[in-house]
């Protein structure tokens, strides 16, 4: 049973894109509320390898300066550690006319094609080729990208961010059709506008960008992480505890709050704060993991852990990634009655979970087994917790402060 208060860190997916955006200017970019997670560390190493200055400062502050960037090919050993690293392509291409990168790494959660990135660059006049393990994009005869109408085959968050960063320095007007509407995309657009970009349609599936000749430095605060907030809300509900979630991005958590209330959790939502308490008996609920404003795919696996403790049969449909079900086998090791059929999972509950030796197979699958361990009988050992460190800042410390019996070996 978790009790107490927890403060939410900055959002991983916003911070990583904002760090890449610093490549668009010679001036200082100051980011605040940057989470201290391994993904921001590896991306910082990548930016330094290009010639940028990346300085961590106290209190979650980071200074970036790309005036000295003179390398436009990302080292393969760094790009494959972090999927967001591919978002250096748009800024480098727009500003320097050339960028090269291996396919990005990150979680193995299914097809996340980079075609939407590359086709967007091509629509703006870039020449894109595959040279050995690298994708190379360059503007013809050292020219600039040209504004165009870019249709995205699906509303990719990283693809929208990458194409948007390329478009702000292109000549003319760009329309991104079927753009992602996630809050992290919106926050990046606001940051780019603060740097001198001209972006409208923010939050819609039609983003309009008028290119500018140059961008300036800016200061931007990284939004609170909605996935971390959701993970703690789920943890409070499934353990029957009561947790005050501080600095929660309440306005973007509608889908989760709705499902938790339907499952029997008691939730009081205020400005920047959620008070979540577990009900006496959790009830089965079904949901689809969808692009925003639907329930986030990153909360699919944690929600599945909660539903193992709910009375009845819950059905989950994954509509974003085709291999999000890696957590299923690990929960089954702990006694969960859960089966996956293609992109769907069927959870029967409540089940008495028991401790087991399991693995964190990706960031969110790791969160799922960790949440299950909080209610399991006996000790659980979780291997490969480096995945959790990629997306959650000091997760073990925060859970201990709420009363969880957890230690890092």
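The values are calculated or read from the model by the stated rules, or taken from the named source; none is laboratory data. These figures come from a predicted structure and were not determined experimentally. So basically every Cβ, Gly included, is an ideal-geometry build from the backbone, and we count neighbours across all protein chains shown.
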(request) Pick out, from region 284-343, the strands (runs of 3 or more DSSP E) lying fully within it that include 1 or more residues that are more than 29 Å from residue 205 (Cβ to Cβ). (result) 312-318, 337-341
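Against the definition (over 25 Å from the mean Cα position of the chain (by Cα) and either in contact (Cβ under 8 Å) with a residue 12 or more places away in the chain or not assigned by TED's automatic domain parsing to the domain that holds residue 321 (or both)), how does residue 129 come out, yes or no?
Against the criterion (over 25 Å from the mean Cα position of the chain (by Cα) and either in contact (Cβ under 8 Å) with a residue 12 or more places away in the chain or not assigned by TED's automatic domain parsing to the domain that holds residue 321 (or both)), residue 129 qualifies.
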(message) Here's a check for you: in region 355-381, which residue that is outside any loop (DSSP other than H, G, I, E, B), within 19 Å of residue 278 (Cβ to Cβ) and free of Cβ contacts under 8 Å to residues at least 60 places away in the same chain is nearest to the chain's Cα centre (by Cα)?
(response) 370
(message) Please go through region 51-92 and give me each residue that is without any contact (Cβ under 8 Å) to a residue 40 or more places away in the chain, in a loop (DSSP other than H, G, I, E, B) and over 23 Å from residue 389 (Cβ atoms), ordered by number.
(response) 51, 52, 68, 70, 71, 72
(message) So for region 201-210 (the condition being in contact with a strand residue (DSSP E or B) (Cβ under 6 Å, 6 or more places away or on another chain), closer than 13 Å to residue 24 by Cβ, buried (at least 23 other Cβ atoms within 10 Å of the Cβ) and modelled with pLDDT of 95 or more), does at least one residue qualify?
(response) yes
(request) Search region 19-39 for residues being touching a helix residue (DSSP H, G or I) at 6+ places or on another chain (Cβ under 8 Å) and closer than 21 Å to residue 99 by Cβ, and hand back the single one that is surrounded by the fewest Cβ atoms within 10 Å (Cβ to Cβ). (result) 39
(request) Working carefully through the options 240, 272, find the one that is out of contact with any helix residue (DSSP H, G or I) (no Cβ under 7 Å at 6 or more places or on another chain) and more than 22 Å from residue 364 (Cβ to Cβ). (result) 240
(message) If I ask for residues that are under 30 Å from residue 132 (Cβ atoms), within 22 Å of the chain's Cα centre (by Cα) and at pLDDT below 95, which ones from region 47-79 would you list?
(response) 74, 76, 77, 78, 79
(message) Only one of 408, 352 is assigned by TED's automatic domain parsing to the domain that holds residue 239 and either on the phi > 0 side of the Ramachandran plot or not in a strand (DSSP E or B) (or both). Can you tell me which?
(response) 352
(message) With the requirement that a residue be under 21 Å from the mean Cα position of the chain (by Cα), buried (at least 18 other Cβ atoms within 10 Å of the Cβ) and under 30 Å from residue 27 (Cβ atoms), what does region 217-246 give you?
(response) 220, 222, 223, 224, 225, 226
